Amino acid sequence: MPHKTKVREVMIPLKKYPHIPQWFTLRQAVAIVRESAFECAGAFEPRTVLVFDEKHHLVGILTLRDLLKGLEPGFYRERQMILSDPSIKIDEGALLGPGMKTQAEKPVSEVMSPVKVSVKADDSLVKAIFLMVNDKVGMMPVLEEDKVVGMVRLTDLFLQVSQAILEQIDGELP
């Protein structure tokens, strides 16, 4: 039952979740994400990387969106210009060429997102669901004694809820 289950029972332990120091480059982060995705063989594909400082304090989360945005050349950030003028052609060579390799040398600390919310390992799944829904996040760090011990994902929480609902419905059928 989700109301009795603790977050620690469904979280992904930190040792299995990709994490990097804040001084890593975007190129290094891309390599870590790619390697993690291959290792997981579809069972768990990380969509974020945790970013730590030299004292192993969590300082941010690097999402796939953060990575791609950090890699794009500056002139592509002119959203209004691109959306308002249909004649503008996106030059794939500029996006995927040498400019991207230059951008890939930026430290992840320049593009990472702040941590919006976290949950404690012994908190209930109900609390985790509430926090994730209200703060509009798909995953969040799990803490124990103010240290990150894992990550919990909305998909894992949904699986717990759906299992409880379907078991209740199946149990009520004659």
Worksheet entry | Cα-derived Rg over Rh, computed across the stretch 101-162 with Rh taken as Kirkwood radius | 1.10
Worksheet item: What is the packing order of peptides 136-143, 159-166, taking the mean over residues of other C-beta atoms within 10 Å and listing the highest first?
Response: 136-143, 159-166
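Only the coordinates and a few stated rules stand behind these numbers; no lab work does. Just so it is clear, the structure is predicted and the values come from calculations on it, not from any experiment. Neighbour counts run over all protein chains shown; Cβ positions are idealised from the backbone, glycine included.
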